[in-house]
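Every read-out reported here was derived from the displayed coordinates using simple, explicitly stated rules and does not represent laboratory data. Note that the structure is a prediction, hence the values are computed from the model and not measured. Cβ atoms come from the backbone with ideal geometry, glycine included; neighbour counts cover every protein chain shown.
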Amino acid sequence: MLDYRIDNAKVFDGHHFTDCKRVGIKDGAIVLLGCEDVNAHVIIDGSDKLLTPTFVDTHSHADFLVSHTDNDGGSSISQGVGTLVVGNCGMSSTPVTEPFPLLSARANEKNMSCKDHLHQVKHGLSLKIGELLGHNTLRLSVLGKPRQAKGAEIASMCSILHEFMDAGWLGMSVGLNYPEAKGYSRQELLALSKVLAKFGRPLTCHIRDQAADILDAMDEVINITSEAGCKVLLSHLRPLRTSNDRNIVPEMERRFDENNHAYFDMYPYVAGCTTLNLYFETLFHAEPLEAKLFLPDMVTQAVQTAHANGYADIHIVRHSHRGYEKRTVKEIAKDIGDHPGLTIQRVYLEDPECVCIFNNNSSQEAVDRLFKHDRCLIGSDAWLYPTVSDEPAHPRNFGAFTRFLTRYVRTGRIDLTKGLRRITSGAADFFGLDAGRIALGKRADLALFSLEELQERADFKNPCQISRGMAGVWIAGRLAFNGTEICDASRRGVRLSASSEPQSQT
C-alpha cells in the first residue's frame, strides 16, 4: 500500500508536463507514475493544481541556519523550496576561520573543518542542501588577512579547493567586492577556476561592481572562466540604480547570449540587503571609513546623498543596538533629532557590520527585463527562518519564489514550462544536483499548488509572513507543509554532493 497517492494533478516532471494521472509515494520515494488504481493510506485530489518537484534555490545564506534544530525551514518550504545552495558570495561555514556576519551564525558557532562539517550535516537538516566553498573564507584560512596571495599560497588554496571538490562540494563562490577579497588577482582566480574545470564544477560570483563598472566586472569573471573551461553563475545580478539602465541591460544580455558557459541568478525585488559597511565603502570609496566619517566633506556628502537616494528609507535588519532593528533611518533620526545623513553614520559607527535593506536599489524595469532571459536562475539571497518568526528580515526570505511565480509566470511574462524548469531541473542541472525531477525511484520531494491561488504575504512591514497557495509540500515522502503550517519536523533534509570524479578540461 502506498503512503500517499496524488490524483488528477497536472504533473510537471522537471522538464515538461506529462499525461500522468496518479503519483504514488512509498517509503520516501516515487513508486507510481501512471493511471493504476493502487491503494494508499492517504489519497489527495490534485484537480486544478500543479504537481512539481520542489524548487531549487540557487543562492542561499542558510549555511548555519539549516542545521539549527529549532529552525523548521518554513520560510523556504512554505514556498515549495526543497533544496538550498549555500556558501554563496565567497562566504561559507568551512574551512576554519571566523564566521562571516552575513551567515548569521549563533554566538557559539564557528567555522569548521571539512571533516567536522560532513559529520554535522549527517544529523539531519530542515531541507536539502548543496554546498559551495567560499573563496573569501578560503583566502582567510590561508592568508590570515586580506592581501595579495603569493604563488605558493595560491597553490595551497588550489590544493584545499581540490580537497573540497573531492568531498562533493558543488563548486566555489567568490565575493569580489567584499573586504576579504582585497588583493585578489586574475592569476589567483584563474588557477582556482582551473581546479573547478577539472571537476566539471562551476564558479559563482558576486562581481566587484554592480554600478557604473558593472559591464567590466562581468567581463572579468566571464573571461577568466572561459579561459579556465568552467561554467560561471553571476550572483543576484542587476544593475544598481543608474540613469543608463536602458543601455546597460541590453549589453548585459549580450554577454550571456555570446557566452554559453555564463548564467546568472536574481531575486524578484528592487530592494537589496547587505551590510552598511559594504554599502558605505561602495558609495564613498573610503578606507578606512572610521577615519573619514564626520569629517566636513564626508558629512556634506552624506547629507546630500540622503536627499538624493533616500538614506531615510533604509531599514535596519540586524544591529548590535537592538532598538534600531525593524526601523528606518528616518525613524531613528526623528527620535534623536538629527539629519538622516548624520544618523546613518552614527548607526554605522556603533556597528559597522549591521545589515540593512536598501530600497529602490535597482529599477523595476531592469529587474523585469533581466528575469525574462533564458540564462536567469532564481536565487533568494536569503537566510532561513522558521514558519513562525517575528525577526527583522527582507521579504525575499518568505516570498522570493512565490513572487517569481505570481509576477512573472502567472502573468505570462515567462512561459509556464520555462519558468518551472528554471526553478527545478534547470537549477539542479547547473550544479549537478540529484534534484528537480519527478521520476520512478526518485526521492519524493514534491510541491502541489494552484498557480492562481499563490499569494505572497511578506512585505517590508511584516516580512515573516508565509506565502499562501501551497496545498502540500513533501520532503522525502513526508508531508512537510500542509498549506498553513509545518506538519512534519522530522528533519529529513540531506546534503547533496556532486560527483567526485575529475573530468577532462574543456
Heads up, the chain by the C-alpha gyration tensor (a ≥ b ≥ c square roots of eigenvalues; a/c under 1.5 rounded, else a/b over b/c prolate, else oblate) looks prolate
Can you list the lysines whose alpha carbon sits under 24 Å from that of K122, skipping same-chain ones fewer than 8 residues off?
K26, K110, K442
Calc'd 3J(HN,Hα), region 424-437, phi into Karplus 6.51 cos²θ - 1.76 cosθ + 1.60 (θ = phi - 60°), Hz, glycine/Pro = x, comes to 10, 5, x, 5, 5, 5, 4, 9, x, 8, 7, 7, x, 9
Students often forget the sequence filter, so: which lysines lie under 17 Å Cα-Cα from K49 once same-chain residues fewer than 8 apart are removed?
K10, K21
Residues whose built amide H sits under 5 Å from the amide H of L240, excluding neighbours closer than 5 in sequence, are A211
Charge dipole magnitude, Cβ of K and R +1, D and E -1 - region 405-456, Cα centre, debye nearest 20
160 debye
Amide H partners (placed H, <5 Å) of L132, local residues excluded:
V86, G87, L170
Expressed as a whole number of Å, what is the distance separating the alpha-carbon centroids of region 55-88 and region 390-424?
15 Å
On the formula 1/(1 + (r/R0)^6), with r taken between the Cβ atoms of M112 and E350 and R0 of 30 Å, the FRET efficiency rounded to 0.05 is 0.50
For the charge dipole of region 357-415, defined by +1 on Lys and Arg C-beta atoms and -1 on Asp and Glu C-beta atoms about the Cα centroid, which residue among Y408, S362, P386 has the Cα displaced farthest towards the positive pole?
Y408
Given the Cα-Cα distance of A155 and E325 and 0.36 nm per residue of separation, how much length would full extension add, in nm?
56.9 nm
Whole-Hz ³J(HN,Hα) for each residue in region 453-460, computed from phi via Karplus 6.51 cos²θ - 1.76 cosθ + 1.60 with θ = phi - 60°, x for glycine and proline: what do you get?
8, 4, 8, 7, 10, 6, 9, 6
Which cross-chain or sequence-distant (5 or more) residues have an amide H under 5 Å from the amide H of K442, H modelled 1.01 Å from N in plane?
I30
Dipole axis of the chain (+1 Lys, Arg; -1 Asp, Glu on Cβ), positive-most option in V142, V56, Q455
V56
If I model a spin label at H15 and D27 as a point 7 Å from the Cα along the Cα→Cβ vector, what separation in nanometres do I get?
2.7 nm
Scalar couplings 3J(HN,Hα) for region 372-387 by Karplus 6.51 cos²θ - 1.76 cosθ + 1.60 (θ = phi - 60°), nearest whole Hz, x for Gly and Pro, are 6, 5, 5, 8, 8, 9, 10, x, 6, 6, 10, 8, 10, 10, x, 4
For Q120 paired with N482, estimate the spin-label separation in nm (one decimal), with each label point 7 Å from Cα along the Cα-to-Cβ line.
3.3 nm
Taking loop as defined by DSSP and a crowding limit of 10 other beta carbons within 10 Å, which trypsin sites (Lys or Arg not before Pro) in region 383-412 fit?
none
So, with +1 on the Cβ of K and R and -1 on the Cβ of D and E, and no other charges, what is the size of the charge dipole of the chain about its Cα centre, to the nearest 20 debye?
400 debye
So what's the angle, to the nearest 10 degrees on a 0 to 90 scale, between helix 296-309 and the longest Cα principal axis of the chain?
40 degrees
With N residues in region 143-286, Rg(alpha-carbon) / (2.2 N^0.38 Å) equals 1.08
Per-residue counts of other Cβ atoms within 10 Å, averaged by peptide: what ranking do you get for 181-191, 216-226, 39-49, highest first?
216-226, 181-191, 39-49
Using unit Cβ charges (K, R positive; D, E negative) and no other charged atoms, how large, in debye to the nearest 20, is the dipole of region 114-260 about its Cα centre?
400 debye
If we sort 75-87, 162-174, 92-104, 319-331 on the protection proxy, mean other Cβ atoms within 10 Å, highest first, what's the order?
75-87, 162-174, 92-104, 319-331
Determine the distance separating the Cα centre of region 350-380 from the Cα centre of region 106-144; give it in Å without decimals.
26 Å
